[in-house]
Structure formats: C-alpha cells, structure tokens
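Laboratory data are not the source of any read-out in this text; all were calculated from the coordinates shown. Just so it is clear, the model here is predicted, and its values are computed rather than measured. All Cβ positions, glycine included, derive from the backbone under ideal geometry; neighbour counts span all protein chains shown.
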C-alpha cells in the first residue's frame, strides 16, 4: 500500500554513530542530513513528516530509509559512481611529484613533455598532476644558472 513507510529500528551503536555524525561540525552535510532522516524515521515519523522538516523531498527520505533498512549504517555512505576507472595509480602520481621536485640533469627545470617521457605517461597527465599539486617547476624564487652555458674562461 502506498504511503506506508518502512518501520525503522536502530541499534544503540547505530544511534550513537548517527548522533555523532549529526553533532560533529566536520561531518559532511550529506551524512548529517542522512543521519537526521534515519533518526526521525526511528521516532516513527512518516516520509512526508520528515520531508516537512526540511531534510529533503519525500523521494529522498524514502531512498535513505530504504538504504538503511537494507544495508544498515553502511548504506548511508556514498555508492561508487560509474565511469572510467583510474589508469594512473597513486604510486605513479607520487613518482611524478617526486621527480618534479628533483632537478633534472642537463637542464634547469622539468618541462611537462620531458618529464612525461622520463616517467612514461602523457604530457597532459603530467600537466594535470602539476595543476592539482600546484607545481610550477618553470617558476622559481631564486635565480638558477643554466647547466647548458659554457664554463667561463680562465
């Protein structure tokens, strides 16, 4: 029958966790809202009453109530999103960052193409990683002597 919400019963451990999420200033707001929905559902409120509290639409309340009933507190976490999996792992990213921070031989600084050839990835990948980590190997605060200049006479 439409309009009848699932009965939600919460264990003491889950109640403590949900209250902690709701009270903590560092908890992401989406988890705070989901915790508030489940706590209100445990009080016996229906989806429409919970929605009127400003916690989301009736469909949103129904979704999180259903997820909690099926999966417990783990169901309130975000599900993996569809899309192409990462092809560059954390180890390769760490290698690119570390290599960027070490001076290259024979030149003053790394270029994206030179570093990409060194580590075996595309130059656009190197550029994206530099943007994420705010790395600018071509901009330095102090003057660097070019290693390509000939030795001064005498």
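Simple spin-label model, 7 Å along Cα-to-Cβ: residue 52 to residue 69 in nm?
Using points 7 Å along Cα→Cβ, the separation is 2.1 nm.
Would you mind checking the tilt of helix 90-100 against the longest principal axis of the Cα atoms of the chain, expressed as 0 to 90 degrees and rounded to 10?
30
Treating the angle as unsigned and between 0 and 90°, give the value, to the nearest 10°, between the Cα long axis of helix 123-132 and the longest Cα principal axis of the chain.
The angle comes out at about 60 degrees.
In what sequence do 67, 128 fall when counting other Cβ within 10 Å, fewest first?
128, 67
Relative to the present Cα-Cα distance, how much length would full extension add between residue 127 and residue 95 at 0.36 nm per residue of separation?
My answer for the length gained is 10.1 nm.
Tell me, what is the FRET efficiency for residue 107 and residue 87 to the nearest 0.05, using R0 = 22 angstrom and their Cβ-Cβ distance as r?
0.20
Sort 14, 134 by Cβ crowding within 10 Å, fewest neighbours at the top.
Lowest to highest Cβ neighbour count: 134, 14.
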